[in-house]
1. What FRET efficiency, computed as 1/(1 + (r/R0)^6) with R0 = 35 Å and r the Cβ-Cβ distance, is obtained for Lys120 and Ala176, rounded to the nearest 0.05?
2. Once the dipole of region 54-201 is set up with Lys and Arg at +1 and Asp and Glu at -1 on Cβ about the Cα centre, which of Phe131, Ser74, Ala195 lies farthest towards its positive end?
3. For an R0 of 25 angstrom, estimate the FRET efficiency from the Cβ-Cβ distance between Lys189 and Gln79 and round to the nearest 0.05.
4. Can you pick out the pairs among Lys97/Lys120; Lys120/Lys368; Lys97/Lys122; Lys97/Lys368 whose Cα atoms lie more than 32 Å from each other?
5. Report the net charge of residues surrounding Pro349, where surrounding means a beta-carbon distance below 11 angstrom and charges are Lys +1, Arg +1, Asp -1, Glu -1.
6. Suppose R0 equals 30 Å; then what is the FRET efficiency for Asn102 and His157 from their Cβ-Cβ distance, rounded to the nearest 0.05?
7. Taking the simple approach of a point 7 Å from Cα along Cα-to-Cβ for both Leu313 and Ala256, what is their distance in nm?
8. Under a plain spin-label model, where a point goes 7 Å from the Cα along Cα-to-Cβ, how far apart in nm are Gln127 and Thr29?
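The values are calculated or read from the model by the stated rules, or taken from the named source; none is laboratory data. Small disclaimer: the values here were computed from a predicted structure and weren't measured. Every residue, glycine among them, receives a Cβ derived from its backbone with ideal geometry; neighbour counts consider all protein chains shown. When the accessible area is computed, the model is the full protein with side chains, heavy atoms only, and any ligands, DNA or RNA have been set aside. Shrake-Rupley method; radii C 1.70, N 1.55, O 1.52, S 1.80 Å.
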Amino acid sequence: MNEAKTVAIIGAGPVGLAATAHVLERGLTPIVLEAGDTAGHSVRQWGHVQLFSPWEYNIDGAAARLLASIGWNSPEPDQYPTGSELVERYLEPLATKTVLANHIQHKSRVTDIGRVGFDKLKTRGRQSAPFEIRYQNGSGPRVLRADAVIDASGTWHSPNPAGANGLHAIGEQNAADKIAYGMPDVLGKQRARYAGKTIAVLGSGHSAIGTLMELARLAEQAPQTRPIWLLRGNNPSKAYGGGANDKLAARGELGAAFAALVAAERIEVESEFRVSHLTVGGPRLIVGAGAARCGRNISVDELIVATGFRPDLDFVRELRIQLDASIECPTALAPLIDPNEHSCGTVRPHGARELAQAEPGFYFAGMKSYGRAPTFLMMTGYEQVRSIAADIAGDRDAAERVELVLPETGVCNRSAKSDANKCCGGPALSDVDACCLADANAKQQAKTGCGCAS
């Protein structure tokens, strides 16, 4: 790909915008396709969540250089932004006031990617053919061609379903009006939906815990509010973390505060509750575990599913993509991020070598590159796209060089509105982790701890 000149970048979140800045520095031409109507569209969905990582870990180097050229005043490096502050003070000026504004197309949702003149089976000459990216905007179907593609579209719009087997629970689609995914703003914009109601929260990661803690606070203001924790496992204490012995003090504080709420019975617990079916019964939602007729059931007003996110792979079906069978990430990356072995603080920096595909010139980056793993750090995503841009430009030495030094314990995020409500992992918080935004389930999908990639 030494002769690549045009790079299509899917997604204008933190990592997508960083990729654009690095591509420009390499003298290449980026074309950014963002499905939302503004940059950072997904981040805006979890604006109420406060990152556990300070500003110094949430700003990309190439992006900072662009912002400096317009006289941007960088935030205090040791302050912790919310998602909204990340947008207002960083992503928005980066996307609208620098040269990046000339390269972003909003309301452009990618639907398919292929090689011009080549289906998936055809090989001879394939590497020299440009990519064909089809997308939909207000004018209808559109097509563009590019020499390389960086998919930084994230996972925010692909939450895991409620079913314990990874499938939608029976009846889940029909009950959509009574279900929210990720980490809704129960104390803010969506307060009216949850105040005075019985709400079940499914998940065991930090987004689930954060939401339950905020519902407990809501119950102080609206006493009829009744939070119920649906736990698939049988040991609630596993979600409490290491307490005072936790290497991340904030994570330990979160677990300790949550354990106290459970002990005080301010949060009801239904353990070994593996959701199998959902039924709307009048104004209530019946959440069932086990057989429809003889299993366990609870009746609630609302269900919040905080069980993580997964990548949308539909539009890359005509590309030669190799993914790990369980994590759904690039195969070379899988052993580095396996959540059974790693947390967000133990994943080493990596780049183009680990992210490259059998389809030359195509790369996953950011949250999407981690598939279903909950170990993503935003700053790791910035290192990914620095390396990828160098690789596309033909600078192999820079692509192989590691320019990121991670903090000793890693950095994740915390939910806003409570100093005790902090977390590492869990949207994507997962439920989003660079542990991302409102991660859904730290163990299943802790996301932007370190910021959130869209």
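1. Values: r = 34 Å, r/R0 = 0.96.
E between Lys120 and Ala176, to the nearest 0.05, is 0.55.
2. The Cα lying farthest towards the positive end belongs to Phe131.
3. Details: r = 23 Å, r/R0 = 0.94.
Approximately 0.60, to the nearest 0.05.
4. Distance filter (> 32 Å) returns Lys97/Lys120; Lys97/Lys122.
5. Values: positive: Arg348, Arg386, Arg401; negative: Glu354, Glu383, Glu403.
My count for the surroundings of Pro349 gives 0.
6. Working: r = 26 Å, r/R0 = 0.87.
Step by step, r from the Cβ atoms, then E = 0.70.
7. That separation, rounded to one decimal, is 4.2 nm.
8. Between Gln127 and Thr29, the label points sit 2.5 nm apart.
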